[in-house]
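First comes the structure, then the notes that go with it.
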Amino acid sequence: MNQNICMFVWNHFTNDARVLRECTALAEEGYNVDLICIHDPKDKKMPMFEQRKSNFAIYRVKRYPVLLEFMQKIHRKSRHNKLIGLPFFLVWVGIMYLNPLIVSALTVLTLVLFKTKLKVIWVRSSIIIRMIARGFQKNYSFYHSNDLNTLPQGYICSKLRFRKKKLIYDSHEVQTSRTGYDSKAYGRSEKFFINKIDTMIVENNTRAKYNEEIYGFYPYVVHNYPFRQEGKQLRKAQLRETLNLPKDEKILLYQGGIQAGRGLEKLIKAVPHFKEGTLVLIGDGRIKPELEKLVETMDLHRRVKFLPKVPVEDLPNYTINAYIGFQVLNNINFNHYSASSNKLFEYMMAGVPVVACSFPEIKKVVEKESIGICIDSHDSLSIAKGVNLLLEDEAFRNQLSINSKVAKEKYNWDKEKNYFLSVYKELV
């Protein structure tokens, strides 16, 4: 086939299961795939380049501008040793004596960038420029932008050239109504670029209909289903031993980002009403310190345990330990309300029944396949009621587990990837 694909994603590509599945599917189909993502300077073991397959490579661009890194380094050292900053100060004074106007302007600009919120714009602009530069280094047939934050890179690389290339916009979220995207600028930006793309992918039909209402076309739907898992493929993680729990303790599991709007505060507040079991949260995120403090305040440290995120390929080994899995999103925006949720299908793959929110895409799967219970995720008592039903009726819980193992034959990437590959076949 010998078609080259340049894919962009705005993360470190360490736990992005969807992008991993897409890149792997394309590489197996014979495409040459280069994924451009962001390096994490805090992770000393993270490589700038990885070769996953002979035709699937990962390029990470530096996060911080060179000047900013230099300034931060001097700033850190001079805080501990004032003499370190002295030579640089003297050099600066000497240059300023030669050309005071230019140096004064650069000094003010540098301090503004370093000490204000403009530093965020500086850093992000630097990442975008590096991504674009990398995107022009090969002769690609396709550019694939994951989410709005890499769409400008894809547009510039694919369309601002003499011989235009194909541009795929793969929107994992609802960009006009999601957490952290409150500014109308995001909607205006997407509206501008949406007319420049060749095709678009969204996660489910609810989001596709929403897209049709605001932009006038129905995009491709590629569900966020995980790889099909067989029990014999998994190596059960020693989760109870790690947490010092009894061998017969029922693990009530939440896995995923510890972020606002995911119902985790209400989930923790439901714990005192659970008849038994230990709530285990696997993942990291902004509100994790707040939740840990809530657990301490409520004196629930014996019944609620936290673990850091684990590599995406190892996660199923932890999931199979669970008696129940949680997907308790809150309806704080349309992005949450319309979600299909990868973790719902990860629980399914492991045969773990779910206690889930009653949002359309999630409820449709849970009730149609009879793999769990839908509750009011905004109400801690409703969550507890659903949990206790599965704790008290073990036969019912086990039947839901059997149903999950049957349903995984339908909701898996091995089948769904054919819909994904059809997007590229149509463009070719």
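The values are calculated or read from the model by the stated rules, or taken from the named source; none is laboratory data. Keep in mind that this is a model prediction, so the values were computed, not measured. Cβ: placed from backbone, ideal geometry, glycine included. Neighbour counts: every protein chain shown.
Summary of values
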{"item": "Residue 382 being of a type in the set (Ser, Thr, Tyr), under 16 Å from residue 221 (Cα atoms), out of contact with any Leu (no Cβ under 7 Å at 6 or more places or on another chain) and in a helix (DSSP H, G or I)", "result": "no"}
{"item": "Single residue of segment 286-344 satisfying the filter (within 21 Å of residue 234 (Cβ to Cβ) and aromatic (Phe, Trp, Tyr)) that is surrounded by the fewest Cβ atoms within 10 Å (Cβ to Cβ)", "result": "323"}
{"item": "From 363, 385, 368, 405, residue being at pLDDT below 95 and either of a type in the set (Asp, Glu) or outside the structural domain of residue 167 (by TED's automatic domain parsing) (or both)", "result": "405"}
{"item": "Matching helices (runs of 4 or more DSSP H) fully within segment 269-351 where at least 2 residues are modelled with pLDDT under 95", "result": "315-319, 334-337, 342-349"}
{"item": "Residue 350 vs. criteria surrounded by 16 or more Cβ atoms within 10 Å (Cβ to Cβ) and either touching a residue at least 40 places away in the same chain (Cβ under 8 Å) or of a type outside the set (Phe, Trp, Tyr) (or both)", "result": "yes"}
{"item": "Any helices (runs of 4 or more DSSP H) falling wholly within segment 87-167 and containing at least 3 residues that are small (Gly, Ala, Ser), under 20 Å from residue 66 (Cβ atoms) and at pLDDT 80 or above", "result": "118-135"}
{"item": "Conditions (1) assigned to a loop (DSSP other than H, G, I, E, B); (2) touching a His at 6+ places or on another chain (Cβ under 9 Å); (3) under 13 Å from residue 254 (Cβ atoms); number of the one not met by residue 387", "result": "(1)"}
{"item": "Segment 404-422 - residue that is surrounded by fewer than 20 Cβ atoms within 10 Å (Cβ to Cβ) and within 18 Å of residue 372 (Cβ to Cβ) and, of those, nearest to the chain's Cα centre (by Cα)", "result": "412"}
{"item": "Single unsatisfied condition, residue 237 versus (1) among the aliphatic types (A, V, I, L, M); (2) outside the structural domain of residue 145 (by TED's automatic domain parsing); (3) farther than 24 Å from residue 344 by Cα", "result": "(3)"}
{"item": "Matching residues, segment 1-57, being in a strand (DSSP E or B), among the polar types (S, T, N, Q) and buried (at least 18 other Cβ atoms within 10 Å of the Cβ)", "result": "32"}
